[in-house]
Amino acid sequence: MTPEEIFLKLVHGVADRDFAALPELYAEQTDVRHPMNPFGDHPLRSREELRQHFGGLGPKVMEAVRFQPENIRVHQTTDPEVIVAEFDYAGTVLATGEPYRTPCIFVLRIRDGLIVESRDYIDHVTNIRARGQSEALIATLREPAGSPAAS
């Protein structure tokens, strides 16, 4: 599969709630980060950590929202392993029926058909609002820098 095909399997797999298959898109040792996450960037460095991430977070997210990727634009780079993908997750807040749209940019390094590195830049605040987690974010932001709750 090409890097673009792997990216498409990833974003459609997330939207389709195929959480058991998603970790298989990644190498055994990987480096996945969410640098803009206001709850903190907690790197995922192995397929097993990704399995726990998708298995734990995924179902919780899907209890609150449904979405599909839209407006997908994949940019090739001079490095054949690296692509930059711009897209939106567009969906609905289940509790209210309210639509929402989350802009995203993923920078992926794909080697031998597996994701070895990813930087996922997501509008986390929109997701936090959609999932009803605003109070948890406010509590996190009130914690002093360096405290366990803030990291």
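The values are calculated or read from the model by the stated rules, or taken from the named source; none is laboratory data. No experiment lies behind these values; they were computed from the predicted model shown. Protein only, heavy atoms only, side chains kept; ligands, DNA and RNA dropped before computing areas. Shrake-Rupley method; radii C 1.70, N 1.55, O 1.52, S 1.80 Å.
Things worth noting here:
- Shown for the chain: the carbon plus sulfur share of the solvent-accessible area, taken with all protein chains present and a 1.4 angstrom probe, equals 53%.
- Rounded to whole Å, sorted largest first: equivalent-ellipsoid semi-axes of segment 63-115, Cα gyration tensor: 30, 12, 6
- The residues of the chain present an accessible area of 55 Å² per residue when probed at 1.4 Å with all protein chains retained.
- Debye-sum result for the chain in log10 I(q)/I(0), which assumes one identical scatterer on each alpha carbon, at q = 0.08, 0.20 Å⁻¹: -0.23, -1.38
- Per-residue SASA remark: residue 101, around 110 Å² accessible (1.4 Å probe; ligands, DNA and RNA not included).
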